[in-house]
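The values are calculated or read from the model by the stated rules, or taken from the named source; none is laboratory data. Since this is a predicted model, take the numbers as computed values, not measurements. Note: ideal-geometry Cβ built from the backbone for every residue, glycine included; neighbour counts use all protein chains shown. What goes into the accessible areas is simple: the full protein's heavy atoms, side chains included, and nothing from ligands, DNA or RNA. Shrake-Rupley method; radii C 1.70, N 1.55, O 1.52, S 1.80 Å.
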Amino acid sequence: MKADWDKLGDEFAGSSSVLIGDADCTESAQALCEKFEIRGYPTIKYFKDGDMTEGQDYQGGRDFDSLKQFVDDELAAKCDVNDPSECTDKEKGYIDKMKAKSADERKAQKERLAKMTGSSMKAELKQWLNQRLNILKGLDQEL
């Protein structure tokens, strides 16, 4: 399962709405595992819509195709700059703000955000960082 989990992480590495991670409950993540009541290994928890309070237990297949299908169907947000109907209000506001900027200003913003991708930050901040990068990429393709 580890190979499929890592493959899933690679598949969604640039996602603006999905963060795939793992924690070793026998090492540095013991407090995290206690918080989310992890008792057996491997346990898969997922969090929807930014709710990081409890998490839900994943009960589906453990192969890559099953995991990817679940993420695509249940977790991945589909914000498209050409059809923002599925974008959040925050994403729509950022799209409008960036559309008003010049290509050079958008490029500078994209470079600034790209430098931040390796930084340590809370999951919701990383998600918003990826959302903004994906919007900027979408605007580049639109032009």
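Here are a few things to note about the model shown:
- When each of CYS87, CYS79 is tested for being touching an Asp or Glu at 6+ places or on another chain (Cβ under 6 Å), surrounded by 16 or more Cβ atoms within 10 Å (Cβ to Cβ) and under 18 Å from SER15 (Cβ atoms), the lone residue that passes is CYS79.
- In the set ASP63, ASP57, ASP73, only one residue is closer than 30 Å to ILE38 by Cα and in contact with a helix residue (DSSP H, G or I) (Cβ under 6 Å, 6 or more places away or on another chain); that residue is ASP63.
- Qualifying positions in the stretch 98-115 - farther than 19 Å from ALA13 by Cα, surrounded by 12 or more Cβ atoms within 10 Å (Cβ to Cβ) and either within 21 Å of the chain's Cα centre (by Cα) or in contact (Cβ under 8 Å) with a residue 24 or more places away in the chain (or both): MET98, LYS99, ARG106, GLN109
- When LYS48 is tested against the conditions (1) outside any loop (DSSP other than H, G, I, E, B); (2) touching a helix residue (DSSP H, G or I) at 6+ places or on another chain (Cβ under 7 Å); (3) under 20 Å from LYS122 (Cβ atoms), the lone failure is (1).
- Evaluation of ILE95 against (1) open to solvent by less than 70 Å² (accessible area, probe 1.4 Å); (2) out of contact with any Cys (no Cβ under 9 Å at 6 or more places or on another chain) (one fails), failing number: (2)
- The stretch 9-19, residues that are open to solvent by 30 Å² or more (accessible area, probe 1.4 Å) and free of Cβ contacts under 8 Å to residues at least 24 places away in the same chain: ASP10, ALA13
- Residue within the stretch 24-36 that is over 30 Å from LEU136 (Cα atoms), in contact (Cβ under 8 Å) with a residue 12 or more places away in the chain, surrounded by 11 or more Cβ atoms within 10 Å (Cβ to Cβ) and not hydroxyl-bearing (Ser, Thr, Tyr) present: yes
- One residue from GLY138, GLY118, GLY40 being assigned to a loop (DSSP other than H, G, I, E, B), open to solvent by less than 70 Å² (accessible area, probe 1.4 Å) and modelled with pLDDT under 95: GLY40
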